[in-house]
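Some notes on the structure that comes next.
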Amino acid sequence: MTDKIEGLLKEVDGLQASSAKEAEALRVKYLGKKGIINDLMADFRNVPADQKKAVGMKLNELKNKAQEKINALKEAADTQDHVADDIDLTRTAYPVALGTRHPLTIVKNEIVDIFSRLGFTLAEGPEVEDDWHVYSSMNFADDHPARDMQDTFFVEAHPDIVLRSHTSSVQARVMERQQPPIRVICPGRVYRNEAISARAHCFFHQVEGLYVDRNVSFTDLKQVLLLFAQEMFGKETKIRLRPSYFPFTEPSAEMDISCDICGGKGCSFCKYTGWVEILGCGMVDPAVLDANGIDSRIYTGYAFGMGIERITNLKYKVKDLRMFSENDLRFLEEFTSAN
Ligand code: PHE
C-alpha cells in the first residue's frame, strides 16, 4: 500500500487542468466520495497494526497534497475563464477613426448657426467675381485705393475679373435678385495680395451679414451684434462700437469685444486696451441700395463683415495664421472634440 501511495503522490504532483471543468473532474476522481483516496481509506482497515501509523501519515499527506494541487488548478482555470469572459465579442473589431472638422469650419458653422437662430438665411456667391459686384456696386469710387494692384488679385488679361477681396460682393448678388425683406448671412473665402506672415495671408475667410427692410435702424444692428458676441464668447462679453469708414456703409463702425483673455483688465493680446476688434459694420449706404435695385426712399438696412480667422484666433488662441492652411495634423487633431 505504501508503494501505491508513493505512486499516487507523484501522479498528483503532475496533474494539469486547462479549464475549471477539468479541475472539477480531477477533484471527483481523487477526492470524491467514490474517489481513489476514499478507496484507500477503506483499505486502511486491512493494514497491519504496526504499519498503521506510517501508512496513515502517508495517506494524509496524499490527501492534503491532492487537495492543495486541485484547488490551485481550479483557481488558475477560474482566472483564465474570467479573462475569456471579459472579451466583449459584440464590440466593433477596429474603431473607425473619424476625421475632424477644420477649426475655421467649426467656427464658421457656429457663426452661421447663431445668426440662423436670429432669422438669417444662408447666401453664397462666387470667389472669382467681376469688378461690379466687388467694388462698383458697393459704392467704391473708380479711383478707390482698394482696387489697387496691391490689394486685389486680377485675372490676367481680364482686368474686370478679380478674386473677391471681401464677401460684401455677396450683398450685391443677393440684392440684385431679391427685394426686401432681406436677411442673409454669407460665409466665404476672400483674397488679398498681401505678403504671407503670422498675421496676414493672401487668402482668408469672412462672414458677411445683410439686413434690409423698412425701418431698420442702427439700434437693431447694435443689438444683434451684442447678442452674437455674447453667444460666441460668453454672456459676460461687452461690445464697443468705434466710428469708422467703409464706402458701402454710412455711418460705419468697427466693433470691439472685451478681451476674452484678460477679461478687460489689459494684456499683451489686447495690447493693454482691454478690447479687441472683431468686425466692421454700418448702415447700408443709400447709394448701395439704389445701385442694386432697392429703393432707398422706402428701405434701410445694416451690414456687417467679420474675419473667421480672427474669431477663431480669439476662441482658440491660434498665434500664427499660417497654421490654418498648412494641414499639419498635430494642429488639426487638437480640434477633434470641437466638432
Ligand atoms: N467688407 C468689409 C471688409 O472686408 C467688412 C464690412 C462688411 C464692413 C459689411 C461693413 C459692412 O473689411
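Number of residues in region 255-306 that are under 25 Å from Ile114 (Cβ atoms), in a loop (DSSP other than H, G, I, E, B) and modelled with pLDDT of 95 or more equals 1. Among (1) open to solvent by 10 Å² or more (accessible area, probe 1.4 Å); (2) in contact (Cβ under 8 Å) with a residue 12 or more places away in the chain, where does Asp328 come up short? With respect to (1) open to solvent by 10 Å² or more (accessible area, probe 1.4 Å); (2) in contact (Cβ under 8 Å) with a residue 12 or more places away in the chain, Asp328 is out only on (2).
Here's the yes/no breakdown for (1) of a type in the set (Asp, Glu); (2) more than 34 Å from the chain's Cα centre (by Cα); (3) over 23 Å from Ile278 (Cβ atoms):
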| position | (1), (2), (3) |
| --- | --- |
| Leu98 | no, no, yes |
| Ile106 | no, no, no |
| Glu110 | yes, no, no |
| Ser116 | no, no, no |
| Phe120 | no, no, no |
| Val162 | no, yes, yes |
| Pro180 | no, yes, yes |
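Does Arg177 meet the test of being at pLDDT 90 or above and more than 16 Å from the ligand (Cβ to nearest atom)? It is true that Arg177 is at pLDDT 90 or above and more than 16 Å from the ligand (Cβ to nearest atom). Scan region 153-181 and report the pairs whose first residue is part of a strand (DSSP E or B) and whose second residue is within 13 Å of the ligand (Cβ to nearest atom) and modelled with pLDDT under 95, with Cβ atoms within less than 6 Å and a gap of 6+ or a chain change. As it stands, the answer is Val162/Thr152, since those pairs meet every condition given.
Limited to region 123-138, what total is found for residues that are in a loop (DSSP other than H, G, I, E, B) and open to solvent by less than 60 Å² (accessible area, probe 1.4 Å)? Outline the logic, then answer.
Step one: of region 123-138, the residues in a loop (DSSP other than H, G, I, E, B) are 123-127, 135.
Imposing the further condition that a residue be open to solvent by less than 60 Å² (accessible area, probe 1.4 Å) reduces the set to 123, 125-126, 135.
Total satisfying the criteria: 4.
Has region 115-122 got any residue that is assigned to a loop (DSSP other than H, G, I, E, B), without any contact (Cβ under 8 Å) to a residue 60 or more places away in the chain, over 16 Å from Asp285 (Cα atoms) and not acidic (Asp, Glu)?
no
Residues of region 307-317 that are surrounded by fewer than 17 Cβ atoms within 10 Å (Cβ to Cβ) and either within 16 Å of the ligand (Cβ to nearest atom) or assigned to a loop (DSSP other than H, G, I, E, B) (or both): Lys317 alone. Take the conditions (1) in a helix (DSSP H, G or I); (2) surrounded by 10 or more Cβ atoms within 10 Å (Cβ to Cβ); Arg101 misses just one of them, which is (1).
Candidates Val216, Val224: the one that is surrounded by 15 or more Cβ atoms within 10 Å (Cβ to Cβ) and either within 31 Å of the chain's Cα centre (by Cα) or among the polar types (S, T, N, Q) (or both) is Val224.
Here is a yes/no grid of residues against (1) within 16 Å of the ligand (Cβ to nearest atom); (2) open to solvent by less than 20 Å² (accessible area, probe 1.4 Å); (3) basic (Lys, Arg):
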{"position": "Leu163", "(1), (2), (3)": "yes, no, no"}
{"position": "Ala172", "(1), (2), (3)": "yes, yes, no"}
{"position": "Glu194", "(1), (2), (3)": "yes, no, no"}
{"position": "Phe204", "(1), (2), (3)": "yes, no, no"}
{"position": "Glu236", "(1), (2), (3)": "no, no, no"}
{"position": "Gly264", "(1), (2), (3)": "no, no, no"}
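The values are calculated or read from the model by the stated rules, or taken from the named source; none is laboratory data. Not measured: the values here are computed from a predicted model. Note that each Cβ is placed from the backbone with ideal geometry, even for glycine, and that neighbours are counted across all protein chains shown. Heads up: the accessible areas ignore ligands, DNA and RNA and are worked out on the full protein's heavy atoms, side chains in. Shrake-Rupley method; radii C 1.70, N 1.55, O 1.52, S 1.80 Å.
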